[in-house]
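The values are calculated or read from the model by the stated rules, or taken from the named source; none is laboratory data. Please read these numbers as outputs of a predicted model, since none were measured by experiment. Cβ placement follows ideal geometry from the backbone for every residue including glycine, while neighbour counts extend to all protein chains displayed. What goes into the accessible areas is simple: the full protein's heavy atoms, side chains included, and nothing from ligands, DNA or RNA. Shrake-Rupley method; radii C 1.70, N 1.55, O 1.52, S 1.80 Å.
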Amino acid sequence: MSQPSVILATASYDHSIRFWEAKSGRCYRTINYQESHVNRLEITPDKHYLAAAGNPHIRLFDVNSNSPQPVMSYDSHTNNVMAVGFQCDGNWMYSGSEDGTVKIWDLRAPGCQREYESRAAVNTVVLHPNQTELISGDQNGNIRVWDLTANSCSCELVPEVDTAVRSLTVMWDGSLVVAANNHGTCYVWRLLRGTQTMTNFEPLHKLQAHKGYILKCLLSPEFCEPHRYLATASSDHTVKIWNVDGFTLEKTLIGHQRWVWDCVFSVDGAFLITASSDTTARLWSMSTGEDIKTYQGHHKATVCCALNDGAEPSAS
């Protein structure tokens, strides 16, 4: 198979993972994933592999193959894996689970290399752009920074006691972090520059974004500059686009009929892809706020999506 320049994948409660041609909306590959539902999808930076986080495994699939079998399995979590992501060179993967742990996996070696105890079900994990700190959010409302150099927790925050942190996102330059919770609130902190570590959180803004749950929050990528947006996907069936300069509401994306579980920006920030309980994924224009493509094929809730439309990292 020739490598498509845009990799778009979705997963659903119908126990399937689907790959789509982003422009035409055609599904060109379906992986039946019977052992559990998939909570999260992520594509490696080199576009070679797709990670599917399930219960309790993570499976790695070859993007450029038609094989239904995973090429690798990561098995030491004991409950739903809710977060998965990759370091920028693709050398290692991180994960967070409802078993209360955050784990690091070297993709060049078997097994789990590191484990951090959050003491509550982990809903979300993001990697700081400095590639040396992970930030996790859990069901009890704790946000923790895990310093990978010191191999310890360097910071703890509780924005709202006993209110689950659903989603975390960090600005591409490390200047902001946003946490979204089950009360529809986003907490925004400025991460103070000039220090190598980002453990100095300065409260910047509290945004009452939705009346329902926020299931995903996401800051726009580097190539979206000078525009900076925050997308919030909600159980109220909408996605809202906020201007990070003042956190004013820029657009509300209306079209999904049920909860919106996930969203991902294109590399230039010109488009947003969303996944919803209405079984569809949609492609939205950020300039008009219109949905320009609907990806239909799943039979149950579509709960996660992954997109990699960036240039491949040059071979070192």
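Counting heavy atoms of the protein chains alone, residue 76 has an accessible area of about 50 Å² for a 1.4 Å probe. Using alpha carbons only, the radius of gyration of the chain set against its Kirkwood radius gives Rg/Rh = 0.93.
Using only side-chain charges placed at the Cβ, +1 for Lys and Arg and -1 for Asp and Glu, the dipole size of the chain relative to its Cα centre rounds to 580 debye.
Accessible area per residue for the range 109-257 is 43 Å², calculated with a 1.4 Å probe on protein heavy atoms, without ligands, DNA or RNA.
The value of relative contact order for the range 1-159, using C-alpha pairs under 8 Å at least six residues apart, is 11 percent. You can think of it this way: the chain between residue 248 and residue 24 has 77.3 nm of extra reach, that is 0.36 nm per residue less the Cα-Cα gap. Remark on the range 197-310: ratio of C-alpha radius of gyration to 2.2 N^0.38 Å is 1.06. The value of relative contact order for the range 52-105, using C-alpha pairs under 8 Å at least six residues apart, is 28 percent.
Couplings for the range 232-240, taken from phi via the Karplus curve 6.51 cos²θ - 1.76 cosθ + 1.60 with θ = phi - 60°, read 10, 9, 9, 5, 7, 6, 10, 10, 10 Hz in order; Gly and Pro are left as x. From the alpha carbon centroid of the range 149-223 to that of the range 72-98 is 20 Å. On the protein heavy atoms, probe 1.4 angstrom, tell me the percent of accessible surface of the range 73-175 carried by carbon and sulfur. That share works out to 44 percent.
For the chain, which span is the longest to avoid every loop-located (per DSSP) member of trypsin sites (Lys or Arg not before Pro) having at most 12 other Cβ atoms inside 10 Å? Formally, the longest exposed-site-free interval is 212-316. Summarising the overall dimensions of the range 1-63 from its C-alpha atoms, the Rg and Dmax are 11.4, 34 angstrom. Tell me, what is the percent relative contact order of the chain, built from C-alpha pairs under 8 Å that lie six or more residues apart? Contact order relative to length: 14 percent.
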